[in-house]
Structures are given as structure tokens and as C-alpha cells.
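Supplied in C-alpha cells, the structure appears directly below.
The values are calculated or read from the model by the stated rules, or taken from the named source; none is laboratory data. Owing to the predicted nature of the structure, the values given are computational and were not obtained by experimental measurement. Because the Cβ atoms are built from the backbone with ideal geometry, glycine has one as well, and the counts that use them run over all protein chains shown.
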Amino acid sequence: MVPHSGTQLGLQFQPTKVEGPSTKLEFLGLELDSKAMEVRLPPEKLEYLLELLSSWNSTSICTKSQPRGAHRFLAVRIPVIPLHVLS
């Protein structure tokens, strides 16, 4: 429906970006669930985070760029990470 209406207005849609109808949607690397009213990390990103934290737990030194990479990953996602993952 939306792509057809958009085409009439002169808009173009990438087929890989069109989704729906659905109550779950991935946006900016977060999974939005309108039915459960939740925002969460997709499983593959949560797994990556756990691996990242595990590697940091066993490290005593790092390069200058390593904390920047971790910060970039966490900056947007920290509000939706379950607290038990971080403890």
C-alpha cells in the first residue's frame, strides 16, 4: 500500500527497506515491538555485546581506538540493555 502510494507521489522505495505490516520493526539497530511496547537489542547484537564485555573483562590494557569502538556501539544501545547483562 505505502510503496504504491509513494510511487504515485514520485517517491522511490528500496524493496529491502520496505517492511510490514508488522508489530516488530528493526530501526537504527534496535528492535521496536509495538505490541509489547518494548525496545530491545536484536539477538545478534546482544551476543556481540556479551562477547565485547567478556573480552574487556579479561583485558588490563587497550589501544586508544578500542574504547572508542565500544563507546560507539553502546552510545545508542545502552538505554535498552537489560541491567542483568551489565552486572
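Are any residues in the range 17-39 closer than 13 Å to VAL76 by Cβ and in contact with a helix residue (DSSP H, G or I) (Cβ under 7 Å, 6 or more places away or on another chain), and if so, which ones?
Scanning the range 17-39 gives LEU28, GLY29, LEU30, VAL39.
How about the range 30-57: which of its residues are exposed (fewer than 12 other Cβ atoms within 10 Å of the Cβ) and in contact with a Lys or Arg (Cβ under 8 Å, 6 or more places away or on another chain)?
SER34, LYS35
So is SER58 at pLDDT 80 or above and outside the structural domain of PRO79 (by TED's automatic domain parsing) or not?
Against the criterion (at pLDDT 80 or above and outside the structural domain of PRO79 (by TED's automatic domain parsing)), SER58 does not qualify.
When the residues of the range 1-55 are filtered to those that are among the hydroxyl-bearing types (Ser, Thr, Tyr) and within 16 Å of the chain's Cα centre (by Cα), which remaining residue is modelled with the highest pLDDT?
Checked the range 1-55; the qualifying residue modelled with the highest pLDDT is SER34.
Right, something else. Mind listing whichever residues of the range 52-71 are over 19 Å from GLU31 (Cβ atoms) and assigned to a helix (DSSP H, G or I)?
LEU53, SER54, SER55, TRP56, ASN57, SER65, GLN66, PRO67, ARG68, GLY69, ALA70, HIS71 - these are the residues of the range 52-71 that are over 19 Å from GLU31 (Cβ atoms) and assigned to a helix (DSSP H, G or I).
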